[in-house]
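Asker: Take a look at this one; I'll ask things after.
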Amino acid sequence: MQLEGTFDGRAAAVPAHQLRSRWIAAAELGLISSTFSTIVSQLFAARIGRDAWVDWMTVAAIPARDWALSAEPSWSAVLAGIAFHQWADFSWAMVFFGVLGRWTAQLRPLAILLLALLWAAFSSATEWLLLVPLLPFWQPLFTLQQPYWIALLVHGASALMYPLFAWLRWAPGCAPKRDLRVAKVWAAVSAAVILVLGGIALLSVVGRELPWMGQDRDAGQAYIRHMTTHHAQGIELASLGAERARDPHLRALAALMVASQSGENRIFESWWQSWFKTPMPDCTADERAAMPGYLTPMQIQQVRTAAPEQFDAQFTAMMTLHHKGAVKMADLAWRSPADFRLRIMAHAIRHEQQGQIALMQRMEGTAAVATALRNMFTDNVN
């Protein structure tokens, strides 16, 4: 028995024993691609201002709901988030090469790569717009907390491994030399990418990030100082919510606020030390008073001393005001000529804090999706 294939760009008869089941090859590819994207995401996240542990915790909240959320991401939540991500990436690979294998399983590596990148855009958008916030999970937190481009980058990293399928589909020892050669080169480049990202991540641990690459250094420094101070007050306020909120969902959301802003402040501090080589100066009283959304001591005290039955409403009102200020600051930084990493981080903060305002209002369903889409493009709360 022989099977018809297009491995050479033309019809060619291939003995059946030389080919493996496309489902087995798809499963192997799914394990490889999901693991690669997990490693790359973990190593690359902080380079663009993301705390990977907080992001994994947010992913874990898709199936686990509020159980996964805490002020300090737990190992169980992080591992649950990674496992859920791996399962999702694995599933998309099974659909691409298994369900759609009649059209995709026999493509050459370059054709697979081009289609895989389109698939990454489709699959990430489907998750962000439909599968997670609507059916089947009905969990708006992921879409409102993380801008779409994060999901696109993660799925894109996974898609980069898809060309290996051109080698995996062959039985051991039966792959043409060309496919074997491409697989070796692809694997070597992928390993090199991981090593480079790992080296950069290791250098960051000792305070050596890639140098500042922005135009307006003074504006970048002012934004880092101001947002770090603004976040510090946000952490103080959110910690009260995580301890005192009567609504369990609001309490979990407040814990997420503590985790996300603490992670962002660690990144700000690391970047400052690496880029500017000096201690970060504290903001003056005048600077604090001029910051949008920075609460007065009296406002903080109002939340701290609120009666139990009034605490949730008081906390939500003050945190909404505080978040609106952070959104305004981040929007200005996103539109500034600062370092592109700082601008990307500012865009994510703008999206995240607008999303948290919506979550405090218990927004969900199609309204949450529409709000998240608007939040991607502008400040919608000021």
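The values are calculated or read from the model by the stated rules, or taken from the named source; none is laboratory data. All values reported here derive from a predicted model rather than from experimental measurement. Neighbour counts are summed over all protein chains in view; Cβ atoms, including those assigned to glycine, are modelled from backbone coordinates with ideal geometry. The area values use the complete protein model at the heavy-atom level, side chains included, leaving out ligands, DNA and RNA. Shrake-Rupley method; radii C 1.70, N 1.55, O 1.52, S 1.80 Å.
Asker: Does Leu118 meet the test of being within 23 Å of the chain's Cα centre (by Cα), surrounded by fewer than 16 Cβ atoms within 10 Å (Cβ to Cβ) and farther than 30 Å from Leu256 by Cα?
Answerer: Taking the combined requirement at face value, the residue satisfies it.
Asker: Could I ask something else about it? Being assigned to a helix (DSSP H, G or I), surrounded by fewer than 21 Cβ atoms within 10 Å (Cβ to Cβ) and in contact with a Phe, Trp or Tyr (Cβ under 9 Å, 6 or more places away or on another chain) is the filter here; which residues of region 330-340 pass it?
Answerer: Leu332
Yes or no, residue by residue, for (1) over 21 Å from Ala151 (Cβ atoms); (2) modelled with pLDDT of 95 or more; (3) out of contact with any Phe, Trp or Tyr (no Cβ under 7 Å at 6 or more places or on another chain):
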site: Trp67; (1), (2), (3): yes, yes, yes
site: Ser74; (1), (2), (3): yes, yes, yes
site: Gly81; (1), (2), (3): no, yes, no
site: Gln86; (1), (2), (3): no, yes, yes
site: Asp89; (1), (2), (3): no, yes, yes
site: Gln106; (1), (2), (3): yes, no, no
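Asker: So Gly98 fits all but one of (1) out of contact with any Phe, Trp or Tyr (no Cβ under 6 Å at 6 or more places or on another chain); (2) buried (at least 17 other Cβ atoms within 10 Å of the Cβ); what number is the exception?
Answerer: (1)
Asker: Please indicate, with yes or no, whether at least one residue in region 293-304 is at pLDDT 95 or above, buried (at least 16 other Cβ atoms within 10 Å of the Cβ), under 15 Å from Ile349 (Cα atoms) and over 22 Å from the mean Cα position of the chain (by Cα).
Answerer: Yes, region 293-304 contains a residue that is at pLDDT 95 or above, buried (at least 16 other Cβ atoms within 10 Å of the Cβ), under 15 Å from Ile349 (Cα atoms) and over 22 Å from the mean Cα position of the chain (by Cα).
Asker: Across region 131-148, which residue is surrounded by the fewest Cβ atoms within 10 Å (Cβ to Cβ) among those that are free of Cβ contacts under 8 Å to residues at least 40 places away in the same chain and hydrophobic (A, V, I, L, M, F, W, C)?
Answerer: Leu135
Asker: Six or more apart or on different chains, Cβ under 7 Å: which pairs go from a residue in region 170-195 that's of a type in the set (Ser, Thr, Tyr) to one that's surrounded by 14 or more Cβ atoms within 10 Å (Cβ to Cβ) and outside any loop (DSSP other than H, G, I, E, B)? Could you list them?
Answerer: Ser190/Phe36
Asker: Now for a separate question. Counting only residues that are out of contact with any Gly (no Cβ under 8 Å at 6 or more places or on another chain), surrounded by fewer than 19 Cβ atoms within 10 Å (Cβ to Cβ) and in contact (Cβ under 8 Å) with a residue 12 or more places away in the chain, how many does region 236-282 have?
Answerer: 13
Asker: Turning to a different aspect of this structure: Do you know which residues across region 26-82 are open to solvent by less than 20 Å² (accessible area, probe 1.4 Å) and polar (S, T, N, Q)?
Answerer: Ser33, Ser34, Ser37, Thr38, Thr58
Asker: Would you call Glu309 touching a Pro at 6+ places or on another chain (Cβ under 8 Å), open to solvent by 70 Å² or more (accessible area, probe 1.4 Å) and of a type in the set (Asp, Glu)?
Answerer: Criteria not met by Glu309.
Asker: Anything in region 365-381 that is assigned to a loop (DSSP other than H, G, I, E, B) and open to solvent by 100 Å² or more (accessible area, probe 1.4 Å)? List them, or say none.
Answerer: Phe377, the sole residue that qualifies.
Asker: Can I ask one more? Condition first: out of contact with any Gly (no Cβ under 8 Å at 6 or more places or on another chain), more than 19 Å from Ala255 (Cα to Cα) and not in a loop (DSSP other than H, G, I, E, B). Can you find one or more residues in region 347-358 that meet it?
Answerer: Scanning region 347-358, I find at least one residue that is out of contact with any Gly (no Cβ under 8 Å at 6 or more places or on another chain), more than 19 Å from Ala255 (Cα to Cα) and not in a loop (DSSP other than H, G, I, E, B), so the answer is yes.
Asker: Return yes when Arg350 is out of contact with any His (no Cβ under 9 Å at 6 or more places or on another chain) and either open to solvent by 10 Å² or more (accessible area, probe 1.4 Å) or modelled with pLDDT of 95 or more (or both) and no when it is not.
Answerer: Taking the combined requirement at face value, the residue satisfies it.
Asker: Further, regarding this structure: Could you go through region 168-181 and let me know if any residue there is assigned to a helix (DSSP H, G or I), under 30 Å from Gln353 (Cα atoms) and open to solvent by 40 Å² or more (accessible area, probe 1.4 Å).
Answerer: Checked region 168-181: no residue is assigned to a helix (DSSP H, G or I), under 30 Å from Gln353 (Cα atoms) and open to solvent by 40 Å² or more (accessible area, probe 1.4 Å).
Asker: What single numbered condition from (1) in contact (Cβ under 8 Å) with a residue 12 or more places away in the chain; (2) over 21 Å from Val258 (Cα atoms) fails to hold for Ala285?
Answerer: (1)
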